[in-house]
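Comments concern the structure below.
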Protein chains: 2
Amino acid sequence: MSESIPDKEVIEKAHILITPYIHRTPILTSQFINELSGAELFFKCENFQKIGAFKARGGLNAVLSLSKEQLKNGVTTHSSGNHAQAISFAAAKVGAKAYIVMPDNSASVKVKGVENYGAEITFCPNTPEDRQNTVDAIVKKTGAAFVHPFNNYEVIAGQGTAAKELIEDAGVKLDAIIAPVGGGGLLSGTSLSAHYFSPGTEVFAGEPEGAADAILSFKSGKVEKAPFVKTIADGLLTPLGPKNLEIIRKHVKDILTVSDEEIIAAMRLLWERMKIVVEPSGAVVLAAVLKNRELFQGKKVGVIISGGNVDLGKLPF
Amino acid sequence: MSESIPDKEVIEKAHILITPYIHRTPILTSQFINELSGAELFFKCENFQKIGAFKARGGLNAVLSLSKEQLKNGVTTHSSGNHAQAISFAAAKVGAKAYIVMPDNSASVKVKGVENYGAEITFCPNTPEDRQNTVDAIVKKTGAAFVHPFNNYEVIAGQGTAAKELIEDAGVKLDAIIAPVGGGGLLSGTSLSAHYFSPGTEVFAGEPEGAADAILSFKSGKVEKAPFVKTIADGLLTPLGPKNLEIIRKHVKDILTVSDEEIIAAMRLLWERMKIVVEPSGAVVLAAVLKNRELFQGKKVGVIISGGNVDLGKLPF
């Protein structure tokens with residue numbers, strides 16, 4: 001695996017590599033939400049992406065970048081859901097075995113998704129230590145190649161292709177792009193793409209108050225833990241990776257936190273007005289835009305809707 | 001108002017007239033649902049249309065076709081919801097007053113939509129007779145122009161533009177198009193567009209078993225009432241209009257009925273796999289395709305997803 005921050009050519013190559021397997025997702029707009037926010041918003045709909053989330057991009061780039069030799073014992077990862085599906089999906093595409101470690105409180109729709117791609121699932125308690133220990137045991141036993149869900153430059157380059165498409169397809173020069181931040185794979189990739197493909201476009205992040213580690217790490221410069229972890233945005237629970245943090249400190253303008261109430265209200269707005277199914281982690285960014293009206297007033301803002309994998313039986317409204 | 005079945009030029013003119021005010025809605029596809037159905041499906045997403053349903057098209061064409069003189073006392077209609085929003089929306093665009101008669105069991109999201117466009121609402125019991133009597137009283141009192149929700153050639157021509165776009169944008173010659181049938185505005189317009197713009201493309205309808213009037217009328221040749229009316233597809237409750245029936249008898253291949261259980265399952269599939277919010281009336285067509293696998297096997301089928309206005313607080317799953 002690569003050991004340096006992806007440059008422009010690396011992201012361009014990643015995009016070419018994964019394009020046959022992914023959707024070039026549409027950019028939708030809503031006059032109603034524009035009026036509500038005071039900004040002009042361009043929603044990059046990664047909820048329509050393969051496996052229902054942007055993570056297909058990073059997972060595919062990481063797996064497609066492995067050699068036949070590296071793939072022969074399969075691939076493994078840990079993930080609360082979307083990255084798990086991404087690696088299972090990518091492994092199925094190249095005919096490799098996938099061993100997936102999932103926290104035992106994962107949403108059933110995400111577990112089903114992983115099962116559908118024929119991956120072998122191992123459940124574990126939902127702590128970073130338990131996840132990593134379980135993966136380590138699998139690597140030791142099977143020799144599978146480990147693809148970290150975010151602290152991995154191939155994954156970062158892959159996730160960056162969503163913002164690259166957004167920049168290419170928006171039809172206007174974006175003043176800003178906002179992405180959600182959990183481990184930081186999407187955010188770091190987004191900030192690199194903005195830097196390379198749309199210099200001058202500022203990158204912001206939306207983070208749940210109930211998993212507010214990135215904002216602390218962003219300020220202190222080292223990986224911090226969240227003061228507490230309790231949020232409906234189940235894709236954004238993990239702390240930043242060191243590789244992600246380094247990029248984010250360099251290329252991200254600010255991190256904006258939002259409450260679960262604000263996330264749920266934004267999610268409902270996306271469902272009701274735009275008729276799209278968005279998971280809570282994907283609604284965090286709209287919540288951040290609506291909460292920081294003065295910051296985005298009159299601006300053209302790309303909003304990355306990260307995913308749409310949600311248990312319809314457990315909606316918060 | 002026009003008194004003859006819209007010809008090709010009338011639908012083309014309607015399309016030009018309404019284009020500045022509507023979305024050219026995207027066509028989405030799903031590999032998963034293709035495999036499930038055995039057909040190749042092209043979903044025309046009118047749930048993303050202005051006001052959240054195809055009815056914006058017919059409402060706009062009818063209102064934009066009225067003269068200044070005809071508009072000066074406003075417009076009126078009766079509707080369970082989507083046509084009500086369409087007329088309110090269209091009236092607001094031309095600066096006319098809208099008087100809307102809605103059944104007192106209308107979904108609150110649809111009532112709110114009508115209110116947002118500044119229309120004046122009168123509620124009445126949900127029978128065809130009560131609706132018409134209430135509208136007649138408004139016309140007598142105000143002099144407003146009545147735009148029937150479906151038994152109106154301008155409305156039919158407007159609704160036909162959805163299929164026209166589907167035919168133009170699908171990128172393949174469609175073997176069939178399927179649309180839901182309530183009053184028959186969308187279905188009659190769809191069948192005319194297929195006839196004019198894609199000869200040889202067969203048109204089918206999906207109808208709820210719990211409002212199965214169209215299938216009876218289609219066979220007998222006169223407007224029949226449903227044996228009983230009880231379905232979750234609240235946009236498809238009304239019997240066919242005579243103008244709609246005449247066109248449907250000429251240009252529609254068959255009407256396929258589905259149960260509420262089948263509608264809910266199809267709706268859930270659209271939400272879970274395609275991440276789009278679709279109302280029950282819009283899911284009827286996918287339910288009909290899945291139920292009639294042998295009929296559509298291997299075919300390229302355009303599927304008109306009619307709308308996405310649904311009370312999120314009252315989901316059937």
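Filter segment B:298-317 down to the residues that are assigned to a loop (DSSP other than H, G, I, E, B), facing chain A (nearest Cβ under 9 Å) and touching a Ser or Thr at 6+ places or on another chain (Cβ under 8 Å) and list them by number. Once the filter is applied, which keeps residues that are assigned to a loop (DSSP other than H, G, I, E, B), facing chain A (nearest Cβ under 9 Å) and touching a Ser or Thr at 6+ places or on another chain (Cβ under 8 Å), segment B:298-317 yields nothing.
Is at least one residue of segment A:131-151 modelled with pLDDT under 95 and either among the hydrophobic types (A, V, I, L, M, F, W, C) or over 18 Å from residue A:56 (Cα atoms) (or both)? Within segment A:131-151, one or more residues are modelled with pLDDT under 95 and either among the hydrophobic types (A, V, I, L, M, F, W, C) or over 18 Å from residue A:56 (Cα atoms) (or both). Screening the candidates B:270, B:237 for the property of being touching a residue at least 24 places away in the same chain (Cβ under 8 Å), crowded, with 24+ Cβ neighbours inside 10 Å and either at negative phi or within 11 Å of chain A (Cβ to nearest Cβ) (or both) yields one hit, B:270. Candidates in segment A:77-100 are the residues that are polar (S, T, N, Q) and crowded, with 24+ Cβ neighbours inside 10 Å; of these, the one that is farthest from the other protein chains (Cβ to nearest Cβ) is A:77.
Among the residues of segment B:2-16, the ones that are in contact with a Gly (Cβ under 9 Å, 6 or more places away or on another chain) and closer than 19 Å to residue B:169 by Cβ come to 3 in all. Answer yes or no: is there a residue in segment B:48-66 that is in a helix (DSSP H, G or I), free of Cβ contacts under 8 Å to residues at least 60 places away in the same chain and either outside the structural domain of residue B:298 (by TED's automatic domain parsing) or of a type outside the set (Lys, Arg) (or both). Scanning segment B:48-66, I find at least one residue that is in a helix (DSSP H, G or I), free of Cβ contacts under 8 Å to residues at least 60 places away in the same chain and either outside the structural domain of residue B:298 (by TED's automatic domain parsing) or of a type outside the set (Lys, Arg) (or both), so the answer is yes. Out of segment B:283-302, which residues are touching a Pro at 6+ places or on another chain (Cβ under 8 Å) and either of a type in the set (Ser, Thr, Tyr) or closer than 14 Å to residue B:33 by Cβ (or both)? Of everything in segment B:283-302, just one residue is touching a Pro at 6+ places or on another chain (Cβ under 8 Å) and either of a type in the set (Ser, Thr, Tyr) or closer than 14 Å to residue B:33 by Cβ (or both), namely B:285. Tallying residues that are part of a strand (DSSP E or B) and surrounded by fewer than 22 Cβ atoms within 10 Å (Cβ to Cβ) within segment A:29-41 yields 1. Scanning segment B:46-76 for residues that are surrounded by 22 or more Cβ atoms within 10 Å (Cβ to Cβ) and touching a Ser or Thr at 6+ places or on another chain (Cβ under 7 Å) yields B:46, B:48, B:49, B:53, B:54, B:57. Looking only at segment B:251-267, filter to residues that are in contact with a helix residue (DSSP H, G or I) (Cβ under 6 Å, 6 or more places away or on another chain) and within 14 Å of chain A (Cβ to nearest Cβ); which one of those is surrounded by the most Cβ atoms within 10 Å (Cβ to Cβ)? The qualifying residue surrounded by the most Cβ atoms within 10 Å (Cβ to Cβ) is B:267. What pairs can you find where one residue is in segment A:108-124 and within 15 Å of residue A:89 (Cα to Cα), the other is among the aromatic types (Phe, Trp, Tyr) and not in a strand (DSSP E or B), and their Cβ atoms are less than 8 Å apart, with a gap of 6+ or different chains? Within 8 Å, the pairs are A:117/A:89. Hey, among the residues in segment B:175-199 that are touching a residue at least 24 places away in the same chain (Cβ under 8 Å), surrounded by fewer than 24 Cβ atoms within 10 Å (Cβ to Cβ) and not polar (S, T, N, Q), which one's farthest from residue B:57 (Cα to Cα)? Step by step, filter segment B:175-199, then rank; the result is B:175. Quick check on residue B:49: is it at pLDDT below 95, closer than 15 Å to residue B:306 by Cα and touching a Lys or Arg at 6+ places or on another chain (Cβ under 9 Å)? Criteria not met by residue B:49. Right, residue A:150: more than 23 Å from residue A:26 (Cα to Cα) and in contact with a Ser or Thr (Cβ under 9 Å, 6 or more places away or on another chain) or not? Judged against the criteria, residue A:150 is a match. No other residue among A:211, A:233, A:205 is more than 18 Å from residue A:290 (Cβ to Cβ) and not basic (Lys, Arg) apart from A:211. Residue B:123 fulfils the conditions (1) assigned by TED's automatic domain parsing to the domain that holds residue B:78; (2) assigned to a helix (DSSP H, G or I); (3) more than 25 Å from residue B:69 (Cβ to Cβ); (4) of a type outside the set (Val, Ile, Thr) except for a single criterion, (2). Once segment B:281-294 is narrowed to residues that are part of a helix (DSSP H, G or I) and free of Cβ contacts under 8 Å to residues at least 60 places away in the same chain, the residue that is farthest from residue B:81 (Cα to Cα) is B:294.
The values are calculated or read from the model by the stated rules, or taken from the named source; none is laboratory data. What you see is a predicted model, and the numbers here were worked out from it, not measured in a lab. We place every Cβ from the backbone using ideal geometry, glycine too, and count neighbours over all the protein chains shown.
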